[in-house]
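Q: My questions all concern the structure below.
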Amino acid sequence: MTPAFLGKFLIEGKVVLVTGLHIGGTTVGMEIGGIDNPVIKDPITDEPIIPGSSIKGKLRSLTEWSFGLIEKHPKHDGCQAYSCEILKVPETKLSPEQAVRWKNALIVARLYGPATDDKQVRSIAGPTRLIVRDAFLNTHSKAQLEKALGRGTYTEVKTENALDRVTSEANPRPVERVPAGSVFDLSLIVDKYDTDDSELLKHLFTAMSLLEQSSLGGGGSRGSGQIQFTDIKIRWRSTADYRQGNSGTKINLPEKTIPEILRAFDQINWPS
């Protein structure tokens, strides 16, 4: 049976850079003294952005790891993402351990997408619920960066050294980063098709909490990419709200940080 579309959770907030952020972009042309490792920027404004794909991909990866869905690769010593082929097997025919894995795989497939073109799996998972917009530099943060760094300058250059373990010869490597303290505007949308889809928000916020204690972008093990989600606001817009042109209903949150929302999640009045 095709699930009925009930509405959308509109989640807005801010991404605060606790440390410098490097999400790689492309170098166009050659410049004398140019940086080999630039960050991705808006081609119109030349301001740094955080691609929605980077945020969503990291959230998905952390969710898969937390569910124990990452598997050893059959051909080498590395790891690979889980296979959603398990969704083809009826849950009733699985062992208790496999049934837990089946449910977790379904959560990932529904929230982030099944990552397969298999029609049976896509039919079981249904439409992908989560949409992550590109995060753009906050207007106030842009003004602060221009005041500190100069008009039209929004990044710093961090020089890293790779040392030869035998000769101690240094191999300097300049890396462009968005400075710590910069703020980006966050926009997420979670579609609701089933009455229990509100529970997917808990898994999303859990992944966001994990990301705050992990890293985004490159150089995470070397200090880059620590972020914090703040000023979270959630609005519910039902299909009736869209038809009538209403802005929807604000979800009353106890506080505006991810850990606080998770602690009070079951007490929040989510739409049924």
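The values are calculated or read from the model by the stated rules, or taken from the named source; none is laboratory data. Nothing here was measured: the structure is a model prediction, and the numbers come from that model. Glycine also receives a Cβ, built like all others from the backbone with ideal geometry; neighbour counts cover every protein chain displayed. The area values use the complete protein model at the heavy-atom level, side chains included, leaving out ligands, DNA and RNA. Shrake-Rupley method; radii C 1.70, N 1.55, O 1.52, S 1.80 Å.
Q: Taking Cα centroids, how far is the range 82-103 from the range 217-272 in Å?
A: 30 Å
Q: Report the gain in length on full extension from residue 256 to residue 116: 0.36 nm times residue separation, minus Cα-Cα distance, nm rounded to one decimal.
A: Going from the current span to full extension adds 46.9 nm.
Q: Another question, then. Heavy-atom accessible area per residue, the range 207-272, 1.4 Å probe: how many Å²?
A: Dividing the accessible area of the range 207-272 by its residue count gives 55 Å².
Q: Calculate the all-directions average of the projected area of the range 145-218's alpha-carbon convex hull, and give it in nm².
A: In nm², the orientation-averaged hull projection of the range 145-218 is 8.6.
Q: Taking the highest mean first, how do the peptides 115-128, 224-237 order by number of other beta carbon atoms within 10 angstrom per residue?
A: Most protected by this proxy first, the peptides run 224-237, 115-128.
Q: Separate question: Across the chain, where is the longest run that never hits GluC sites (Glu not before Pro) in a DSSP loop with at most 10 other C-beta atoms within 10 Å?
A: 32-168
Q: For Cα extents along the principal axes in Å, which listed value, (i) 54, 39, 36; (ii) 50, 46, 37; (iii) 61, 52, 36, comes from the coordinates shown?
A: For Cα extents along the principal axes in Å, the calculated option is (iii).
Q: Given the rule -39500 (n - 2.57) for each run of at least 4 DSSP H residues, summed and divided by the residues of the chain, what is its mean residue ellipticity at 222 nm, to the nearest 500 deg cm²/dmol?
A: -8500 deg cm²/dmol
Q: I've got another one for you. Mind ordering 15-24, 100-109 by average Cβ neighbours within 10 Å, highest first?
A: The packing order, highest mean first, is 15-24, 100-109.
Q: While we're on this one: Taking all protein chains as present, what is the carbon and sulfur share of the accessible area of the range 113-272, in % to the nearest whole number, probe 1.4 Å?
A: Carbon and sulfur: 45 percent of the exposed surface of the range 113-272.
Q: Mind scanning 58/93; 8/233; 192/256 and naming the pairs with a C-alpha gap bigger than 25 Å?
A: Where the Cα-Cα span goes over 25 Å, the pairs concerned are 58/93.
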